[in-house]
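Heads up: the structure comes next, in structure tokens.
Only the coordinates and a few stated rules stand behind these numbers; no lab work does. What you see is a predicted model, and the numbers here were worked out from it, not measured in a lab. Don't worry about glycine lacking a Cβ; one is built from the backbone with ideal geometry, like all the others, and counts go over all protein chains shown.
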Amino acid sequence: MPRAARDFLRVGVPVVLLFALLPLAYQNELLLFNFVLFLILAQGLNAVYGFTGYLPFGYVGFFGAGAYGFALAVMHLAAPPLLALLLAGLAGVVLGLILTPLLRLSGAYFAIANLAAAQMVYQVIANPALADITKGPYGVSLASVFAPRASYAVALVILALVLGLVAWLRHGRFGLALQAMRDDPVSAAMAGIPVLRGRVVAWLLSALIAGLAGGVFAWHISVFYPETAFDISISIFAIVFTLFGGAATLTGPIAGVLVLYGLYNVIGISVPQYFQLIYGALIVGLVLFLPRGFASLLRRRGIDVP
Amino acid sequence: MLLHALLGGVVFGCYFTLVGLGLNLVFGVMRIVNLAHGDVLMLGSFAAYFLFHLAALSPLSAAPLIVVGFFLLGLPFYYLVVPRLAASRDAEMLSFILFFGVQQIIEALAAIAFGSSERSIPGRALGIGAVHLWGQSLPRAWVISALVALAAVLALYLYLYHTRLGLLTRAVMASREEARASGIDIHRVSAIAFGIGLALAGLAGVFAPFMLGSITPAMGSIINLAAFAVIVVGTLGNPLGTVLGGLVYGVGLLLMQTYLSAWADLLPNLLLILVLLVRPSGLLGRRVRLA
């Protein structure tokens, strides 16, 4: 069996099954949905950060674009939810295409420019001058398509696809090429790897994932404001979850979401400042002592982390 | 109206130069991105607020205290964090994430200590009345803030170009490796530059209540974007280029507020992206940041 399929069966399938069965035992479906959402987003971010080294600080921009793509398709085209979801993914990809020139920048400049771009999308959508089209700062309501069960199921399907994608990136030819160019772009280019094309494809894939996540979020929650869809903490959570477990692995971001988002729901909701303090300290500690996440601890002991 | 916007723009530009100055110095010397810059500025604002309301110290006399205090805070912080960071692979990117964590810590601690209500220092603390220039009147607090900013730029210029330590600092900016090879204690030079960077942020914070409105623990991240826009438009890694970035930003901001007020918030982001894409090295710059 190819290693990608093996990893997917060992790690991906159990996670999807777990979240498919949990609603039978646990009533708070919104919380479970948020877990699934962050699993998708963390893996989407992993696809671009883990495999190309570009850290999209404004990742939430694609998520928000997807949420509003879904909302606009429902409000103005009266599109059925699944079609609207495809348009949401398309919105993410289009925004990704528009921002492709940012890939010319390196490291921190890319992250800052990406953050600024996400802010701009937010400021345009939330602008009262566009209230006729986007409802501006007043938020959208999509009661006509509200379907929590169906949207939860669709979110699980997206999660399965994304986990499969990351498993393939880890072991497939394309993902190996990406990792080679992440570690040393010049040598990779010398070995005949099309560096530019690889980066753009990974970038657009990750934009597509966030767009779909935004769309399914809009569908599930059905009433939201621009501040919710473009909340910068969505980017931050996805980054911290990925860093915590270890980027460029399949299990790392999953572990990050389960541990940290679990922790957030235990203490973060009642006293957000203390949670902010904890994850601030966690980031500092990770960067100084474990820049490659907890997966690197295991790997150092010779244990292979899928 | 146009003249007023331009004049106000220049005044704001001077202030925004000060906002970006420390960030640019730290980047130029250490090649690390201090994402907590806006939050240090916020701490400066709170320090000025408490000195004014509890110790009845006017912002102008509080400013030197804050500058010295923040400089002294910067030295141990540098040794605690930066040498370890500089030794790692891809220090620039990691510094970005690390200081993001620092930012979260500062913001959380400030919210716990000060609460999240908005605070302000009354404008009369910097004198009453308006300053008249070419038939336009500007609030006195704006003009004083701008003059302090210009004084800070001048002081940094004198430090960099007319002292021995400044010469060493410029050597480290030009090439860290060669500076080390020629026997310069780069950690000492960098620690002092880091301290100066924090001191400049604190100084900018003292005048933030007059220029940016009320202060809250969460104000840092918005200021960060403005500061980045300023130093990217100016020139990253060239502290004195910040002046140009500050002026472009200030004049642009006031023009937008006068003629297109609904879209004025877009300005820092728009400037940042346009300059990064069209002229990634900044308006004056050498090339540093293409992938």
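Scanning the stretch B:117-134 for residues that are in contact (Cβ under 8 Å) with a residue 40 or more places away in the chain and outside any helix (DSSP H, G or I) yields a total of 7. Screening the candidates A:71, A:79, A:5 for the property of being aliphatic (A, V, I, L, M), on the phi < 0 side of the Ramachandran plot and either assigned to a loop (DSSP other than H, G, I, E, B) or in contact with a Phe, Trp or Tyr (Cβ under 7 Å, 6 or more places away or on another chain) (or both) yields one hit, A:79.
Scanning the stretch A:257-281 for residues that are closer than 25 Å to residue A:295 by Cβ, away from chain B (no Cβ under 14 Å) and not aromatic (Phe, Trp, Tyr) yields A:257, A:258, A:259, A:262, A:263, A:265, A:266. Contact map, the stretch A:24-41: residues that are more than 9 Å from residue A:155 (Cβ to Cβ) paired with residues that are polar (S, T, N, Q), Cβ distance under 9 Å, separation 6+ or inter-chain. Pairs shown: A:31/A:265; A:34/A:265; A:35/A:265; A:41/A:235. Residues that are touching a strand residue (DSSP E or B) at 6+ places or on another chain (Cβ under 8 Å) and assigned to a helix (DSSP H, G or I) within the stretch A:115-172 comprise A:134, A:143, listed in sequence order. Examine the stretch A:107-126 for a residue that is free of Cβ contacts under 8 Å to residues at least 60 places away in the same chain, away from chain B (no Cβ under 12 Å) and more than 18 Å from residue B:231 (Cα to Cα), and state whether such a residue exists. For the stretch A:107-126, residues free of Cβ contacts under 8 Å to residues at least 60 places away in the same chain, away from chain B (no Cβ under 12 Å) and more than 18 Å from residue B:231 (Cα to Cα): absent. Being loosely packed, with under 13 Cβ neighbours inside 10 Å and farther than 16 Å from residue B:31 by Cβ is a condition met by at least one residue of the stretch B:183-199.
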